[in-house]
1. Using only DSSP helix segments of four residues or longer, with each worth -39500 (n - 2.57), what per-residue ellipticity at 222 nm results for the chain after dividing by its residue count and rounding to 500?
2. Expressed as a rounded percentage, what relative contact order does the range 1-65 have, with Cα pairs under 8 Å and six or more residues apart?
3. Which entry is the computed semi-axes √(5λ) of the Cα gyration tensor in Å for this structure: [x] 38, 24, 17; [y] 28, 20, 17; [z] 37, 16, 16?
4. For residue 200, what charge total do you get from the other residues with a beta carbon under 9 Å from its beta carbon, if Lys and Arg give +1 and Asp and Glu give -1?
5. For the chain, what's the relative contact order in percent, using C-alpha pairs closer than 8 Å and at least 6 residues apart?
6. With axes computed from alpha carbons, what is the tilt in degrees of helix 127-143 against the longest principal axis of the chain, rounded to the nearest 10 within 0 to 90?
7. Assign unit charges at the C-beta atoms only (+1 for Lys and Arg, -1 for Asp and Glu), then state the dipole size of the chain relative to its Cα centre in Debye, rounded to the nearest 20.
8. Do you know the Lys pair count in the range 3-217 for C-alpha distances under 27 Å, with sequence separation 8 or more or different chains?
Amino acid sequence: MNLRTFYRQYGLELIPVALESLTFGKCVWDGGWFDTPSFTRDGMPNYIYNAFAAQGIITLEESDAILDRFRKLPQENASFANINIELALEDALNIKLQNHLNINANFDMKRIASFTISNSKGKEMPNRDFILLDDMLDQIKEHHWDEYKRGLRRAYIITELYYGTLSLKIDTDVAADFEASLPASHLQAANKLQLGRTLTYAFENATVPFAMRLKRVKHFNN
């Protein structure tokens with residue numbers, strides 16, 4: 001399955017940043033199919049729970065506890081766990097795969113022959129938290145409408161995250177340069193397979209998500 005088919009079938013966005021700490025409730029802007037989402041916006045909260053804490057709906061300690069609980073939720077096999085997601089070079093560059101693997105900027109990503117994501121696992125925001133989040137958004141709209149209208153309602157919120165094994169194929173002539181561009185820890189953890197003049201490196205990415213589901217704040221309780 002190529003990336004565009006994956007988009008249309010599952011409605012998920014690829015994540016253009018490598019963040020181990022990323023979890024539900026993260027505010028994202030300019031999301032939408034084939035758009036590059038922005039993870040920051042001047043004057044806007046990093047996580048929606050920061051906005052609730054700023055308005056006294058919850059405490060900062062409660063906000064931190066919620067996010068910490070989200071990060072500890074177990075991953076389960078995704079509905080597309082047995083599907084290989086093939087990425088064209090343009091797509092791989094758009095989601096900055098070099099950042100996901102900490103590939104040195106001196107290495108030309110165009111020297112990689114193919115990119116595939118497989119063995120996908122995911123987790124989603126618990127239903128109880130959906131309901132509580134909806135209630136807190138109602139409080140923001142009722143008591144702090146100006147702050148909400150000014151930009152928060154245009155944000156999207158991450159409600160699902162997906163992780164998987166990233167496989168790269170290269171020609172053996174490129175192997176030395178590619179391996180030199182990787183951190184030693186990443187190279188040691190990779191599963192490497194050679195078939196003729198083709199080398200495949202598989203990186204199990206259990207902590208850095210590659211895809212997310214977004215829900216727009218103003219549509220959250222619809």
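Derivation of every value follows stated rules applied to the coordinates shown; laboratory data play no part. Every value quoted in this text rests on a predicted model; they were computed, and no experiment measured them. Neighbour counts run over all protein chains shown; Cβ positions are idealised from the backbone, glycine included.
1. Details: 9 runs with 73 residues, N = 222.
It comes out at -9000 deg cm²/dmol, rounded to the nearest 500.
2. On the way: 48 pairs, mean separation 13.6, N = 65.
Answer for the range 1-65 is 21 percent.
3. [z]
4. Values: positive: 169, 192; negative: none.
So the environment of residue 200 carries a net charge of +2.
5. On the way: 364 pairs, mean separation 61.2, N = 222.
Once divided by the residue count of the chain, the mean separation gives 28 percent.
6. 50 degrees
7. Numbers: 25 positive and 28 negative charges, 83 e Å.
The dipole magnitude comes to about 400 debye.
8. The number of close lysine pairs in the range 3-217 is 27.
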